[in-house]
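Structure incoming, see below.
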Amino acid sequence: MRALSWPNQSVKGQVTATIHQMITCSAPGKVYLFGEHAVVYGQPAIACAVERRVFTSVKLLASGEITVSAMGKIQNCHSTEFRYICQAVQTFKKRTKNDFGAEITIKSELPPSQGLGSSAAVTVSTIKALSECLGIGLRDQEIAGMGHQVEHAIQGRASPADTFVSATGGVVFIEGTKTSHLMHPDVPIIIGATGITRSTGDVINSVARMKRDYPEIINNIMSTIGDITRLGERKLIGGDINNVGELMNINQGLLESIGVGDIMLDKLIYRARDEGALGAKMTGAGRGGCMFAIAREGNVNAIAEALAREGAQVFITAFSNAGLRVE
Ligand code: MEV
């Protein structure tokens, strides 16, 4: 591994890379219209970037140390905090065969560990900021792949969906290594955060345990979720937003059946539907975290107020085409 001797160095593989002392990059959070959990087992999913982002600033340090500052704390990578960021730095160093120190600062518009893809966004925006700082210019899809390795290393199991949609933005149909971008539906999204955090790895493991114990049942549920996603894709392409909403509701029922629901999530989901949501479901790993609803413009405020009355932190947002960005 080549140690960079700040400030006049060249980067391996590039004779005269331009090295920036400090760069800020950002990446969006996401919601799953369909297919979380099933996508871990090769079924398709449709995940959508939203207009709330994580901002990662990287400043190169001569000292060789990595420090991370986020959520009011400052730590180095010898601690067990900020695992996604530290693993992202390690993966980046290994891939690019460079060694360096950096001060990494995170500012986030996403509640952490609540199903909105903050881990994926922090991971890919860290890799992007390092790549830009060192003048390496990794492509966004490559960064998504490296981000997937990071999630896999930390969670034990992970699909490529979270990091791919955060890196590339948009509404993404993803099945194994096949991905395609779809037009995003022109409807607002109302997100309700329960405030209940959980480890994605633990929830994924509990689903894996159910799949081991009841393979014939859980495999069928996963493949039905896959069918919902494929039909959902056709309805999105056809602009049949009422059907998209109804399919979201069916998907939610199946997520309940694999044990990733939660009583507060359920309350919020039913409140949103009572107030006229076209569809409402949880997003991400579940057992807390966030739900979201899609709705006609006229119902947005009523839904948002109902969710707030139940104690949720509410965000009104929209689907977004923007993925990784240099700020
Ligand atoms: C977590 O955001 C989504 C899951 O499907 C896990 C994954 O796809 O890696 C539960």
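In whole Hz and in residue order, list the ³J(HN,Hα) couplings for the range 160-167 that follow from phi through the Karplus curve 6.51 cos²θ - 1.76 cosθ + 1.60, θ = phi - 60°; x for Gly and Pro.
Values per residue, Gly and Pro as x: x, 5, 4, 6, 5, 5, 5, 6 Hz.
Based on alpha-carbon positions alone, could you give the equivalent ellipsoid semi-axes of the range 124-201 from the gyration tensor, as √(5λ), descending, whole Å?
Rounded to whole Å, the semi-axes are 23, 19, 15.
Once each part is reduced to its C-alpha centroid, what is the distance from the range 15-69 to the range 186-240 in angstrom?
22
Report, in cubic angstrom per residue, the convex hull volume of the C-alpha atoms of the chain.
Details: hull volume 40.1 nm³, N = 327.
Residue-normalised Cα hull volume stands at 123 Å³.
Separate question: Give the long-range amide H neighbours of GLU109: residues separated by 5 or more places, or on another chain, with amide H under 5 Å away, using H modelled in the peptide plane at 1.01 Å from N.
Here ARG53, VAL54, PHE55 satisfy the definition.
Can you pull a Stokes-Einstein diffusion coefficient for the range 65-147 at 4 °C (1.567 mPa s), Rh from Kirkwood over Cα pairs, as a whole number of µm²/s?
The calculation lands on 99 µm²/s.
What span do the alpha-carbon atoms of the range 9-182 cover on each of the three principal axes, reported in whole Å from largest to smallest?
Principal extents (largest minus smallest coordinate, Cα): 45, 37, 29 Å.
Could you state how much accessible area LYS73 has, in square angstrom rounded to the nearest 10, with a 1.4 Å probe and all protein chains kept in place?
Near enough 80 Å² of accessible area.
Around ILE104, what is the net charge, scoring Lys/Arg as +1 and Asp/Glu as -1 over all other residues with Cβ under 14 Å from its Cβ? Don't skip to the answer; put the middle values down first.
Details: positive: LYS59, LYS73, ARG83, LYS93, LYS107, LYS128; negative: GLU65, GLU81, GLU103, GLU132.
Spelling it out: positives minus negatives among the neighbours equals +2.
Turning to a different aspect of this structure: Would you calculate, for the chain, the mean residue ellipticity at 222 nm contributed by helices, counting each DSSP H stretch of 4 or more residues as -39,500 (n - 2.57) and dividing by all residues, to the nearest 500?
Numbers: 9 runs with 131 residues, N = 327.
Taken over the chain, the calculation gives -13000 deg cm²/dmol.
Provide the per residue accessible area, probe 1.4 Å, for the chain, rounded to a whole number of square angstrom. Please report the intermediate quantities before stating the final value.
Numbers: 13530 Å² over 327 residues.
Spelled out: the 1.4 Å probe surface of the chain, per residue, equals 41 Å².
Out of all DSSP beta bridges with both ends in the chain, state the antiparallel percent to the nearest 5.
If I count the DSSP bridges inside the chain, around 90 percent turn out antiparallel.
How many percent of the accessible area of the chain is carbon or sulfur, using a 1.4 Å probe?
On the way: 6480 of 13530 Å².
Answer for the chain: carbon and sulfur cover 48 percent of the accessible area.
The values are calculated or read from the model by the stated rules, or taken from the named source; none is laboratory data. Every value quoted in this text rests on a predicted model; they were computed, and no experiment measured them. Reconstructed Cβ throughout: ideal geometry from the backbone, glycine too, with neighbour counts over all protein chains shown. Ligands, DNA and RNA are stripped out before the accessible areas are found, and what is left, the full protein with its side chains, is counted by its heavy atoms. Shrake-Rupley method; radii C 1.70, N 1.55, O 1.52, S 1.80 Å.
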